[in-house]
1. Return the residue satisfying two criteria in turn: it lies in segment 175-226 and is of a type in the set (D, E, K, R) and under 18 Å from the mean Cα position of the chain (by Cα), and of such residues it is surrounded by the most Cβ atoms within 10 Å (Cβ to Cβ).
2. Cβ-Cβ distance below 6 Å, separation of 6 or more or different chains: which pairs start in segment 92-115 with a residue that is crowded, with 23+ Cβ neighbours inside 10 Å and end on one that is among the aromatic types (F, W, Y)?
3. Considering (1) at pLDDT below 90; (2) under 20 Å from L245 (Cβ atoms); (3) not basic (K, R); (4) not in a helix (DSSP H, G or I), say which one N57 fails and leave the rest.
4. Scan segment 156-173 and tell me whether some residue there is at pLDDT 90 or above and surrounded by fewer than 21 Cβ atoms within 10 Å (Cβ to Cβ).
5. List every residue pair whose Cβ atoms sit under 7 Å apart, with the two residues 6 or more apart in sequence or on different chains, where the first one lies in segment 242-265 and is more than 23 Å from A232 (Cβ to Cβ) and the second, anywhere, is in a helix (DSSP H, G or I) and polar (S, T, N, Q).
6. If L93 passes every condition in (1) part of a loop (DSSP other than H, G, I, E, B); (2) within 14 Å of P241 (Cβ to Cβ); (3) hydrophobic (A, V, I, L, M, F, W, C) but one, which one does it miss?
Amino acid sequence: MVTGETSLDRLMHLAATWYTPMVQSVRTVCTHTDVCDHSDAPGRCQCSERFLQILWNEQRLASSLQTTDGRRLEVISPGTWNVEGGPDFRNALVRVDGSLRRGAVEVHCQAADWLRHGHEGNPAYAEVILHVVWTAGEGLAGPPVPCLELRTHLDEPLRDLIEELQASVYPYARQVTPGACAMRWAMTEDVAVRRILRVAALARFEDKTVRLQRHAVAAGPGQAVYEALFEALGYKANRGPFRALAREVPLRRLRQLPDEGSREAVLFGTAGLLPDPSTARVLPEWRDRVDRLWDRWWAEGGTALGLAWSRGGTRPLNSPQRRLAAGTAWLHTCGLDPESWLLAAARAVPDPVELLRYLHRQFDVASPWEPVKDCTVRLRQPARLLGAARAADILANVLLPFLNALASRAGDESLSGLARRAFLELPRLQDNRVLQEAAHRFLVPPSRLRSVVRAAADQQGLMELYRGFCLALGNDCTRCPFTAEPPG
C-alpha cells in the first residue's frame, strides 16, 4: 500500500545509507557564490549582504538573542524587505530589554559599512532602530542604535543555511536547462524514477522532523508546532506576520484566557485584523459581534503589533482574516494542546489513509467569519476557511513531521512508521515554481512530470533533489555525485 514498488523499510534504508550521505557530501564541499570568505576569523565577512538580508527576512535566528552591548533582543516582526532606496527593511518591530521599538532595520556585512555606505547623517536612515551585521568589529563604527551580530545568533550552521536558502533563486527567476541526469532518467521507467524521488522525499521529511525537534527543545513541542502551522497559514506573502503573531501570543497566554471569544479577540486584536467600525463600514450582521470582540480586546489591555500584512494579489478567500480564523478554529479543535491532540488522533486512527482523512476533516471547520472577507466585504458564496490544497500542505510540512518528532522522542517506531506511511500516501499537492524548474532540470520532456509525479512525496522528492544538488552546486554536473548510477 505504501508505494506499490518498494517497501517503506527499503526506502528508509536507501535514504539513510545512500541519499543522506551523498547530499551531506555536497553540503560539505559546496562553495556557494554567496560565501565570500570561509574563514572563521571574527573580523572576516563570510556572506554577501544579500544573503544576510535573506537570513533576516527568513528569521533564521537562535531562540535567544542579545545585542552587542548585552541587551536582550526579541524580534516580533522583521519588517518588509525594501527593494528601493533607504533602509533594507521597513516597519520592523522589536523589543530591546522589554522596550518596544518600531522602525527600520539596516543589514550590513560589517558594522563599519554604515559609514562606508554613507548612511551617517542621511535622513533616509533616521528611522533605523536596529543594525544587523555579520560581525560588529571593534570600535563604535555603526549607528547609535542596538546592533545584532548574526554570526553568533543563527539557528543552524551557516553552511546548512547556505544550502537551504539559495540566494540565486530568491525569489526564483531563472531559465532552467536539462542536467546530466535528464537523459539517463529519460531511459528509466517511471517506477524506478519514482522510487528515487521517494527516497529523497523521506530524507527531506526527516530533516523537517529534526528542525521541529530542535525548535521543540527551545520553545516546547506545542508552541513549536503552533508557530510552524501559523507560518504555513501565511503561505508566501504573510509567513512572517503569522509567525510573529504566534510568538507574541504564545499558547501559555491563550490558555490563561477564559473562553474562545477572548482568545479570538486577543489573536485578531494583536494581529491588527479587527475591523474598526469608526473607520470602515462593517456589515450590519457583524456589528454586534465586532463590538463584543473589541470590548474583550480592550479588557485584556492588549496592543496591536502593527504587522505588515500583505494583501496585494490576495484573493478574498485567502485574506489574512480568513487564514487567522482557520488558525483560531484549529487551536480550539486541538484544545490548545496540539501535542496531545495529534498523539490521540494517531493512536485512535492507526491506518495512514484514514489518519489523513481524519486530519483533513479537522480543518474543514465552520467559523463566524466564514462567509465574509473581513466583516466589510461579502463573498459571493460561503467557502471553507482553509482549502483542501492548503490543508494537505500543512499535513505534509507540519503535522506529519511533528508526529514523527513526537514518536522519535518517545522511541515509538510504530508511530514513526505511521507518520512516514501517511506522508507517502498524501495525494499530489499544488505545483509551484520550484517544482516546474526541477521538472525542466530532470525530465525530458518536462511534461513527463504528470506521469512520474503522482503524490506529494514525489513532488517533495523532486524539489529536494533540485535544491540539494543542482542549486547547491550551481548546476555544475561535473561536481555532482548524483550523476553516478543510483542503487538498483
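The values are calculated or read from the model by the stated rules, or taken from the named source; none is laboratory data. Predicted, not measured: the structure shown is a model, and the values here were computed from it. Here Cβ is always computed from backbone atoms with ideal geometry, including for glycine, and neighbour counts include all displayed protein chains.
1. R204
2. Hits for this filter: V105/F89; V107/W56.
3. Status for N57: all satisfied but (4).
4. We begin by selecting, within segment 156-173, every residue at pLDDT 90 or above; these are none.
The answer is no; no qualifying residue exists.
5. Final answer for the pair search is none.
6. Among (1) part of a loop (DSSP other than H, G, I, E, B); (2) within 14 Å of P241 (Cβ to Cβ); (3) hydrophobic (A, V, I, L, M, F, W, C), L93 violates only (1).
Quick grid of which residues meet (1) surrounded by 16 or more Cβ atoms within 10 Å (Cβ to Cβ); (2) modelled with pLDDT of 85 or more; (3) within 20 Å of the chain's Cα centre (by Cα):
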{"residue": "G234", "(1), (2), (3)": "yes, yes, yes"}
{"residue": "A244", "(1), (2), (3)": "yes, yes, yes"}
{"residue": "L257", "(1), (2), (3)": "yes, yes, no"}
{"residue": "S262", "(1), (2), (3)": "yes, yes, no"}
{"residue": "P275", "(1), (2), (3)": "yes, no, no"}
{"residue": "A280", "(1), (2), (3)": "no, no, no"}
{"residue": "D288", "(1), (2), (3)": "no, no, no"}
{"residue": "R296", "(1), (2), (3)": "yes, yes, no"}
{"residue": "W309", "(1), (2), (3)": "yes, no, yes"}
